[in-house]
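*Asks:* Below are the structure tokens for one structure; questions will follow.
The values are calculated or read from the model by the stated rules, or taken from the named source; none is laboratory data. Note that this is a predicted model, so its numbers are computed, not measured. When we count neighbours, we look across all protein chains shown, and the Cβ atoms used for this are built from the backbone with ideal geometry, even at glycine. Calculation scope for accessible area: heavy atoms of the full protein, side chains included, ligands and nucleic acids excluded. Shrake-Rupley method; radii C 1.70, N 1.55, O 1.52, S 1.80 Å.
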Amino acid sequence: MKKKSRILLGLGLGAVLLGAVTGCAKGDNQTNGSKVKLSINLYTGAISEDSMKAATEKFPDYELKFNTLPADENFDKKLKTSLNSKSAPDITTINSNIEEFIPYADKFINLLDHGAGDVASEYVSWKWESGMTPDKSKLIAMPLDIGPTALIYHVETFKKAGLPTEPDKVAEKIKTDEDYMNVAKAIKEKTGKATWLAGDDLLATQLRKMTKSQYNEEGELILADGETKAAWDYVVEAVKKGYTLGVQGNSVDSMVALTDAMYSAHIAASWGVTDMKDDYDKRIDQWRVTTAPGNPSNYGGSFLSVIGTTKHPKEAAEVVRYLTSKEMQTANMKELSLFPANKEVYQDPIMVNEDEFFGGQEINQYFIASAENIGYVYKDKRDSAALDCLMEQISLVEYQGKNPEDAWKDAIAKIEKL
């Protein structure tokens with residue numbers, strides 16, 4: 001799913017509006033002669049039209065009702081309250097905030113009971129594990145797509161700063177976060193420009209690269225054993241030294257900043273490439289893509305689940321397996337540019353993207369490499385709320401001049417109350 005659809009939901013969070021469509025009730029989910037009725041709720045842009053058509057043809061004995069619903073901030077409440085409701089659909093999409101639903105695992109069908117484990121090796125392992133309970137005994141969702149990241153940089157700015165401009169050379173120059181900061185310093189000194197759009201955007205990027213969560217599996221707040229504070233300090237340094245532009249993302253100002261190259265680099269998800277091109281004017285060949293510095297990371301992506309109230313768990317699980325298969329994820333990539341979680345698609349010609357916007361370079365190789373090297377990180381259901389606390393305070397540092405240490409203390413105080 002693209003960024004514009006995600007923004008209403010906060011960083012990394014998504015939406016499915018359940019129980020809000022007439023005709024989704026279980027009373028409508030009875031067999032009609034030989035037909036098994038299955039209702040499927042999905043948010044706009046989660047599954048391609050070709051996939052929906054293919055599934056309908058694949059299962060002629062099932063009556064599949066796809067309900068395409070808007071992604072908005074009401075999703076999580078409606079999803080969670082519908083889990084015990086007769087109005088719940090049989091199948092639902094869930095966005096990247098899967099950790100908020102793992103605690104409700106008993107409200108979903110365990111897809112491992114229906115053969116899902118047989119195809120586990122087809123998917124990038126970290127995404128597959130994200131749909132499992134911590135003890136790995138239950139799989140509540142199968143992966144639909146992901147959002148691996150890469151570094152996008154402005155060629156002319158890098159050239160003026162005396163930096164390499166070819167993708168492989170840039171990747172060699174910027175291997176670590178320290179390298180990234182040094183590049184920001186060179187750009188500021190030699191061009192006067194900022195490297196990053198804003199502190200909150202940079203903080204989110206740094207936190208997504210962490211190897212630990214804000215909480216451990218026992219539910220204790222650990223702040224990623226120091227990684228969270230390190231990310232905070234990194235961003236504070238960038239803000240203090242003027243390496244951030246101080247423009248809020250997803251605004252008119254940010255679109256102008258992008259078009260006029262007022263900042264020069266950002267780590268973006270695969271779907272962000274499409275959003276960038278949508279926001280940009282018609283000028284091309286000014287940006288390039290390469291390997292992001294530090295740990296590979298992911299931003300976004302969705303899953304497909306079977307809700308436990310279904311009267312047809314076997315059939316619903318069968319449909320989920322099909323809709324998340326290599327063939328269907330290939331169709332989703334072709335029609336919606338949804339980056340596949342099924343790694344078998346990576347060998348398909350559809351993944352070759354020699355993009356004119358990026359000077360004709362093949363860009364998907366970098367997103368594929370990221371996807372294949374991301375490590376699984378356990379997440380607590382409170383992680384998103386903790387991120388919001390940190391984002392709020394770093395914005396006060398950047399836009400209102402709040403003392404960074406006071407801001408950090410205030411963020412942690414709020415997090416401790418979650």
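*Asks:* What FRET efficiency do you get for GLU189 and SER34 if R0 is 56 Å and r is their Cβ-Cβ distance, rounded to the nearest 0.05?
*Replies:* Computed FRET efficiency for GLU189 and SER34: 0.15.
*Asks:* Given 10 °C and 1.306 mPa s, how large is the Stokes-Einstein diffusion coefficient of segment 164-215 in µm²/s, with Rh as the Kirkwood radius over Cα pairs?
*Replies:* Taking Rh from Cα pairs, D becomes 126 µm²/s.
*Asks:* Ok, one more. With every protein chain kept in place and ligands, DNA and RNA left out, what is the accessible area per residue of the chain? Probe 1.4 Å, answer in Å².
*Replies:* So the chain comes to 42 Å² accessible per residue, rounded to a whole number.
*Asks:* Still on this structure, please answer the following. Determine ³J(HN,Hα), in whole Hz, for all residues of segment 90-101 in sequence, where each value follows from phi through the Karplus function 6.51 cos²θ - 1.76 cosθ + 1.60 and θ = phi - 60°; x replaces Gly and Pro.
*Replies:* Per-residue couplings from phi come out as 7, 10, 9, 7, 10, 7, 6, 8, 4, 4, 6, 10 Hz.
*Asks:* Oh, and also: Would you calculate the volume per residue, in Å³, of the smallest convex hull containing every Cα atom of segment 210-276?
*Replies:* 124
*Asks:* Could I ask something else about it? What helices does the chain hold that run 24 Å or longer along their axis, going by alpha-carbon atoms, with a Kyte-Doolittle average of -0.5 or more, using DSSP H for the helix calls?
*Replies:* The answer, listed by residue number, is 383-400.
*Asks:* For segment 256-335, count all C-alpha to C-alpha pairs, find those more than 21 Å apart, and express that count as a whole percent of the total.
*Replies:* Value for segment 256-335: 53 percent of Cα pairs lie more than 21 Å apart.
*Asks:* What number, in percent, do you get for the relative contact order of the chain if the mean sequence gap of Cα pairs under 8 Å and at least 6 apart is divided by its residue count?
*Replies:* Once divided by the residue count of the chain, the mean separation gives 24 percent.
*Asks:* I've got another one for you. Quick one: go through segment 291-311 and flag any residue whose amide nitrogen is under 16 Å from the point 7 Å out along the Cα-to-Cβ line of ILE350.
*Replies:* 302
*Asks:* Moving to a separate point now. With r as the distance between the Cβ atoms of ASP168 and THR81 and R0 = 60 Å, compute the FRET efficiency 1/(1 + (r/R0)^6) and round to 0.05.
*Replies:* 0.75
*Asks:* Now a separate question. Where is the GNM fluctuation largest for the chain (alpha-carbon springs, 10 angstrom cutoff): VAL247, VAL306, VAL256?
*Replies:* Its mean-square fluctuation being the largest, the pick is VAL256.
*Asks:* If the only charges are +1 at each Lys and Arg Cβ and -1 at each Asp and Glu Cβ, what is the size of the charge dipole of segment 169-282 around the Cα centre, to the nearest 20 debye?
*Replies:* 600
*Asks:* Ranking request for peptides 53-60, 177-184, 266-273: highest mean number of other beta-carbon atoms within 10 Å first, then the rest in descending order.
*Replies:* So the order, starting with the most tightly packed, is 266-273, 177-184, 53-60.
*Asks:* Still on this structure: Per residue of segment 154-171, in order, report the coupling 6.51 cos²θ - 1.76 cosθ + 1.60 (Karplus, θ = phi - 60°) as ³J(HN,Hα) in whole Hz, putting x for Gly and Pro.
*Replies:* After applying 6.51 cos²θ - 1.76 cosθ + 1.60, I find 8, 4, 5, 5, 4, 5, 5, 7, x, 9, x, 10, 6, x, 5, 6, 5, 4 Hz.
*Asks:* Ok, one more. Out of residues 5 or more away from TYR62 or on other chains, whose amide H comes under 5 Å of its own, with H placed 1.01 Å from N in the peptide plane?
*Replies:* The list, which skips near neighbours in sequence, is VAL36.
*Asks:* Using the Kirkwood formula on the Cα atoms of the chain, what hydrodynamic radius do you get, in angstrom to one decimal?
*Replies:* 22.2
*Asks:* Of all the accessible heavy-atom surface of the chain, with the other protein chains kept in place and a 1.4 Å probe, what percent is carbon and sulfur?
*Replies:* Ligands and nucleic acids excluded, carbon and sulfur reach 47 percent.
*Asks:* Calculate the spin-label point distance for GLU220 paired with LYS311, positioning each point 7 Å from the Cα along the beta-carbon direction, and give it in nanometres.
*Replies:* Result: 4.9 nm between the two label points.
*Asks:* Do the alpha carbons of any pairs in LYS193/LYS343; LYS209/LYS311; LYS136/LYS240; LYS175/LYS212; LYS35/LYS107; LYS127/LYS311 sit beyond 32 Å of each other, and which pairs?
*Replies:* Flagged as over cut-off: LYS193/LYS343; LYS209/LYS311; LYS136/LYS240.
*Asks:* P(r) for segment 138-194: what percent of alpha-carbon pairs falls in each 5 Å bin, starting at zero?
*Replies:* That works out to 4, 16, 24, 19, 10, 5, 6, 6, 5, 3, 1, in percent per bin.
*Asks:* Moving on. Only sites in a loop by DSSP and with at most 14 other Cβ atoms within 10 Å count here; which trypsin sites (Lys or Arg not before Pro) in segment 143-219 make the cut?
*Replies:* Here the sparse-neighbourhood loop sites are LYS175.
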